[in-house]
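Here's the structure, in structure tokens; my notes come after.
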Amino acid sequence: MITASNIYLQYGGRILFNDISVVIGDRDKVGLVGRNGAGKSTFLKIIAGEITPDEGSMSRPSGSTMGFLHQEMNIPTGKTVLEETLTAFDELRRLEQRLADMHEELERRTDYESESYFKFLEDYSHLNDRFHLLGGTDMQAQTERVLKGLGFKQSDFHRQTSEFSGGWQMRIELAKMLLQRPDYLLLDEPTNHLDIESIIWLEGFLEDYPGAVITISHDRQFLDNVTNRTIEIELGKVFDYKASYSKYVELRRDRREKQLAAYNNQQKLIAQRERTINRFMAKATKTSMAQSMQKQLDKIDRIEIDEEDVAGMNLRFPQAPRSGQVVVEGKQLTKQYDAKLVLDKVYIKLDRGDRVAFVGQNGQGKTTLAKIIIGQIPRSNGELTLGHNVSIGYYAQNQADVLDPKMTLLETMEAASPPEMRTRLRNILGSFLFSGEDVDKKVSVLSGGERARLALACMLLRPFNLLVLDEPTNHLDMISKDILKQALLDYDGTMIVVSHDREFLAGLTNRTIEFRDRQLFDHIGDVNAFLEKRALDNMRDVELSTKNGKAAAPASEVVKVEISREDRKRLQRNLQNAERAVERLEEEIKQLEKQMSAAGFYEGHNAATIMEQHRQKQQALEQALEAWEAAQTELEAAE
């Protein structure tokens, strides 16, 4: 277990941790929560040994392993995605090479009766068992499964890591950690760079993870699905709850209500006794009794109410000017970057009052279409028309990062403000929790959450009737996310939200447009209605069909897939052949394992040969299973 004892850490005049202690068990699934700036990431770095506290100690069992995914990781260049991810198995690959060398030596040796030969067989058997225990027979298959789970396509495996953005490189690092399966897995905002389907896959992986997981996340649903314990960091203290996030919120509220009730009852009791003492002190005959009562009162343990950081920004979007009935209409929209086609002749139409969520895997064109609509990038082909009197407000995915770091907060607001709003800038900044001397701070010293709040404040300076938000919640804590969501619910204009945060999107929109294979798939309802429909599949790379019928057609046209009877029979034969291959290999492996479990097996002359056959059959079975899965998918798509 990990033991943090009496941790004290101070930065300047601010006490970040004030004598906190935490014990984390070997299989705990912990959500680390708190406001931006509370110290969550710092606490993970203390656990990982990257930061040493001013006082206190951190310990974990010797020989235990730890993986730490944080926000400032750099992936080495010069390797493909698959090559870099396979470095997670460096120990296994060394073990594999050692076994291969030993196998060659076994074939050369003839001293079958010698003591050294039996010792060699024993060592070989031990290493071979360890190799199988660590999953050595299916390293590549495991790697490909995890990479696909995190959103990579087969065609991505042989691309250089340097070709991918920082978010995708973070996925490579996460894949390596998941494959290494460390005893303690520390994850700092793992969902920030994942699409919805990859988040759901990661939830399933972590749910069955055999070690301890400690994660920071502002995704409520992710925390609920992954964690069974919540540690809150607030104003230098920690509060530990044996519950997932939503249950923790209830328990925290109940604890504070009971604490407040107990405090109020005690205050009434104290006030009553103090009045009695004052009356008795006025009478000489009861002075000794009053003194005795005062001593008893002084011994009472005074109930204190835990401090709570409930500060929240005051966000309300300006009333939207009235636009025409059709706000946006795009026909045959195409976008191509060099040889890469991102959007292929798509159709989109938004009417006044539509509230639309853009969802789908990263790289499918959500941000690209948003930027085409607002006029930030040109389309390659097609038509785009903005309706009458449409004015646009835009929050970019990296909005907080494009602010000028050399400017102060007030200068940033002045640069974005029309003249008539200049007198209100300090009040607006105050409503976003920037008060007093804060307005003279440079943008460069702000945290990610503070920059996000400043970017939102800039949006309030001009009215608009089409609001486009690209991943607005990435740097916001739970309270700020709730405030933003309520402001959006109250907003009376047309809205597009690009997001992977299911809890944030739930109930916020009335249409969900899925981006997949360069097309748009339009679904009525919010993200939960969309996920309910897609949950009939396995939420991974759904292509053309669901168990309940065809998937939604692209918004531009209705597509019907038909094949001939001959093709259907061919697909059925492929599936049957794949099934037979799997059954045959499973039976052959079973027979080999029966021989390997026999008494005296490892003393026999052909032990090494049989074990090598077993290894080869295992590899063949992995390939056969992949072929069966591909045949099954192809047949389902045609039915």
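The values are calculated or read from the model by the stated rules, or taken from the named source; none is laboratory data. Nothing here was measured: the structure is a model prediction, and the numbers come from that model. With ideal geometry, Cβ positions are generated from the backbone for all residues, glycine too; neighbour counts draw on all protein chains shown. Just the protein is used for accessible areas: all its heavy atoms, side chains included, with ligands, DNA and RNA removed. Shrake-Rupley method; radii C 1.70, N 1.55, O 1.52, S 1.80 Å.
Considering the conditions (1) in a strand (DSSP E or B); (2) touching a helix residue (DSSP H, G or I) at 6+ places or on another chain (Cβ under 9 Å), L82 is excluded by exactly one of them, (1).
Looking only at residues in region 432-448 that are modelled with pLDDT of 80 or more and open to solvent by less than 20 Å² (accessible area, probe 1.4 Å), the one that is nearest to the chain's Cα centre (by Cα) is V443.
Tell me which of these R584 doesn't satisfy, since it passes every other one: (1) in contact with a Lys or Arg (Cβ under 9 Å, 6 or more places away or on another chain); (2) at pLDDT 75 or above; (3) not hydrophobic (A, V, I, L, M, F, W, C). Only one criterion in (1) in contact with a Lys or Arg (Cβ under 9 Å, 6 or more places away or on another chain); (2) at pLDDT 75 or above; (3) not hydrophobic (A, V, I, L, M, F, W, C) is unmet by R584, namely (1). Of all the numbered requirements in (1) in a helix (DSSP H, G or I); (2) over 28 Å from the mean Cα position of the chain (by Cα); (3) touching a residue at least 40 places away in the same chain (Cβ under 8 Å), R451 misses one, and that requirement is (2).
Kindly provide the set of residues from region 336-373 that are at pLDDT 90 or above and aliphatic (A, V, I, L, M), ordered by number. Within region 336-373, L343, V346, I348, L350, V356, A357, L369, A370, I372, I373 qualify.
Just need a number here: residues in region 132-142 that are at pLDDT below 75 and surrounded by 17 or more Cβ atoms within 10 Å (Cβ to Cβ).
Number of matching residues: 2.
Return the residue satisfying two criteria in turn: it lies in region 475-501 and is in a helix (DSSP H, G or I) and open to solvent by 10 Å² or more (accessible area, probe 1.4 Å), and of such residues it is nearest to R462 (Cα to Cα). Going through the qualifying residues, I end up with D490. With respect to being closer than 22 Å to K371 by Cα and basic (K, R), R462 fits the description. Taking strands (runs of 3 or more DSSP E) as the structural unit, those lying wholly within region 1-79 and holding at least 2 residues that are β-branched (V, I, T) correspond to 2-11, 14-24, 29-33. Here is a check on your reading of the model: is M407 of a type in the set (A, V, I, L, M, F, W, C), surrounded by 12 or more Cβ atoms within 10 Å (Cβ to Cβ), out of contact with any strand residue (DSSP E or B) (no Cβ under 9 Å at 6 or more places or on another chain) and farther than 30 Å from R518 by Cβ? No, not satisfied.
Within region 142-159, residues that are among the hydroxyl-bearing types (S, T, Y) reach partners that are open to solvent by less than 90 Å² (accessible area, probe 1.4 Å) and not in a loop (DSSP other than H, G, I, E, B) with beta carbons closer than 6 Å, at six or more positions or on different chains, in the pairs T143/T85; T143/L86.
Listed by first and then second residue, the pairs with beta-carbon distance under 7 Å, at least 6 apart or on different chains, first residue in region 85-96 and within 15 Å of F157 (Cβ to Cβ), second open to solvent by 30 Å² or more (accessible area, probe 1.4 Å), are A88/Q180.
One line per residue, one yes/no per condition, for (1) aliphatic (A, V, I, L, M); (2) open to solvent by less than 40 Å² (accessible area, probe 1.4 Å); (3) touching a residue at least 24 places away in the same chain (Cβ under 8 Å):
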residue	(1), (2), (3)
G39	no, yes, yes
L69	yes, yes, yes
K79	no, no, yes
E83	no, no, no
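Of the residues examined, G13 is not one that is open to solvent by 70 Å² or more (accessible area, probe 1.4 Å), within 26 Å of D138 (Cβ to Cβ) and without any contact (Cβ under 8 Å) to a residue 12 or more places away in the chain. Scanning region 41-59 for residues that are open to solvent by 40 Å² or more (accessible area, probe 1.4 Å) and touching a Leu at 6+ places or on another chain (Cβ under 6 Å) turns up just one, D54.
Just one of (1) of a type in the set (D, E, K, R); (2) at pLDDT 80 or above; (3) more than 39 Å from the chain's Cα centre (by Cα); (4) under 18 Å from D138 (Cβ atoms) fails for E612. It is (2).
Scan region 143-169 residue by residue and report those that are modelled with pLDDT of 80 or more and open to solvent by 30 Å² or more (accessible area, probe 1.4 Å). Scanning region 143-169 gives R145, K148, K153, Q154, S155, H158, R159, Q160, S162, E163, W168, Q169. Which residues, taken from region 193-226, are within 17 Å of L69 (Cα to Cα) and not hydrophobic (A, V, I, L, M, F, W, C)? Answer for region 193-226, where residues must be within 17 Å of L69 (Cα to Cα) and not hydrophobic (A, V, I, L, M, F, W, C): H193, S198, E203, Y209, G211, T215, S217, H218, D219.
Restricting region 217-256 to residues that are among the polar types (S, T, N, Q) and in a helix (DSSP H, G or I), the residue that is surrounded by the fewest Cβ atoms within 10 Å (Cβ to Cβ) is S246. Of all the listed residues (S21, S62), the sole one being at pLDDT 90 or above, surrounded by fewer than 19 Cβ atoms within 10 Å (Cβ to Cβ) and either under 22 Å from L206 (Cα atoms) or among the hydroxyl-bearing types (S, T, Y) (or both) is S21. Annotation note: Cβ proximity below 6 Å between a residue of region 320-342 that is under 18 Å from V390 (Cα atoms) and a residue that is of a type in the set (S, T, Y) and loosely packed, with under 15 Cβ neighbours inside 10 Å (sequence gap 6+ or interchain) occurs for E329/T385.
For F89, the criteria (1) out of contact with any helix residue (DSSP H, G or I) (no Cβ under 8 Å at 6 or more places or on another chain); (2) surrounded by 19 or more Cβ atoms within 10 Å (Cβ to Cβ) hold in every case but one, which is (1). One residue stands out among those in region 365-385 that are open to solvent by 20 Å² or more (accessible area, probe 1.4 Å) and in contact (Cβ under 8 Å) with a residue 60 or more places away in the chain: the one that is farthest from L461 (Cα to Cα), which is T367.
Selection of region 449-459 for residues being open to solvent by 10 Å² or more (accessible area, probe 1.4 Å) and either out of contact with any helix residue (DSSP H, G or I) (no Cβ under 6 Å at 6 or more places or on another chain) or farther than 17 Å from P318 by Cβ (or both) yields E450, R451, R453, M459. Residues that are open to solvent by less than 30 Å² (accessible area, probe 1.4 Å) and in a loop (DSSP other than H, G, I, E, B) within region 460-474 comprise L460, L461, F464, N465, E471, P472, T473, N474, listed in sequence order. Within region 184-199, is there a residue that is surrounded by fewer than 19 Cβ atoms within 10 Å (Cβ to Cβ) and in contact with an Asp or Glu (Cβ under 7 Å, 6 or more places away or on another chain)? No - not one qualifying residue is present in region 184-199.
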